[in-house]
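One structure is given below, encoded as structure tokens.
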Amino acid sequence: MRAVKTRHFLQLVLLSALWGASFLFIRVASPVLGPNVMAALRIGLATLTLMGIMRWAGEPWPWRHWRELLGLGTLTVAAPFLLYAWAALHLPAGYSSLLNTMAVPFGVIAAAWMKEDTLSTRKWAGCLCGFAGVALIVQLGPVAPTSAVLLAAGACVTAAACYGLSLTWMKRATTRMSPLSIAAGIHAAALVLLLPGAAWTLPTARFTPEALAAVAVMGIVTSGLAYWLNLRVLKHVSPVAAMSSAFMIPLFGVAWGHIFLGEALGPGMLWGGALVLVATGLVTGFNPLQWLGALRRTDD
């Protein structure tokens, strides 16, 4: 396994912290702006940010792939952003960030179905651990499992499934388009899809300074600049090393929710979160001890 330079490891930690914080910002902005308006504003700002990066990098727009970008934009941006925004009306940020990790087993299942990977006994065990972890988070966490909470948890799992199931499709798309043009294209397509709903609910939105600041950070930083940084890191580290963010994002998400929003940490949430992380390790084959050992042998 190729050693990971210290600066790349620190960039992965930064990315995980930013993406984990996005659940905190969703929790702040969605109840005030409404899920439709918040998701559309976030995607709009991300589109503008990525368009600026494309212009700076001299990247052309992949217009002839608009159908594929529309499909990918639906699965990887429009649907999950809207589902997480709606779930934030009922779920703490820590719940959503932990449930987001379920994208990994869904991704493994989709990759096997599309003949990009195989499902081993270890991976099946990981999937079972993941679903058991979700059950513990919802049933034994500090928030009572009301019908609204269960529906919100289902929305988070559905959003994670959208991410996971589209992963192989996204990988194949990178053979036809550059990652940066894909990122800008799918955000632009998602914005078109969500604009009607945002316009319909616009009269009920309350544009408070806190909500607008949260959306600005999400759109420009966590959905725009962070994606660009992620592309830069991926040029220098292996996919296994990059997968470490799947472990760190929920940890940051839970921490930010607890520190800044005072969200409770019940035993069910802790044990369920641990099972979800174990599931991610099983289905990806990621060994943190082996990876940490590699970090000690960093490149020059």
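The values are calculated or read from the model by the stated rules, or taken from the named source; none is laboratory data. Source: prediction; values computed, not measured. Reconstructed Cβ throughout: ideal geometry from the backbone, glycine too, with neighbour counts over all protein chains shown. Calculation scope for accessible area: heavy atoms of the full protein, side chains included, ligands and nucleic acids excluded. Shrake-Rupley method; radii C 1.70, N 1.55, O 1.52, S 1.80 Å.
General observations
- Remark: accessible surface ordering of PHE260, PHE25 (largest first) is PHE260, PHE25, probe radius 1.4 Å.
- Here the spin labels are modelled as points 7 Å beyond Cα on the Cα-Cβ line, and at SER147 and ARG64 they lie 5.2 nm apart.
- Additional length obtainable on full extension of the chain from GLU210 to MET51, 0.36 nm per residue less Cα span: 54.7 nm
- Normalised Debye scattering of the stretch 1-86 at q = 0.17 Å⁻¹ gives log10 I(q)/I(0) of -0.94, counting only Cα atoms as equal scatterers and leaving out solvent.
- Accessible surface computed residue by residue for the stretch 63-190, with neighbouring protein chains in place and a 1.4 Å probe, gives 42 Å² per residue.
- When a 1.4 Å probe is rolled over the protein heavy atoms, the share of accessible surface on the stretch 31-124 that falls to carbon and sulfur comes to 66 percent.
- Cα-derived Rg to Rh of the stretch 141-180, Kirkwood definition: 1.30
- The slack between VAL13 and THR175, meaning 0.36 nm per residue of separation minus the straight C-alpha distance, is 55.6 nm.
- Ranked packing of 187-195, 68-76, most packed first, by mean Cβ within 10 Å: 187-195, 68-76
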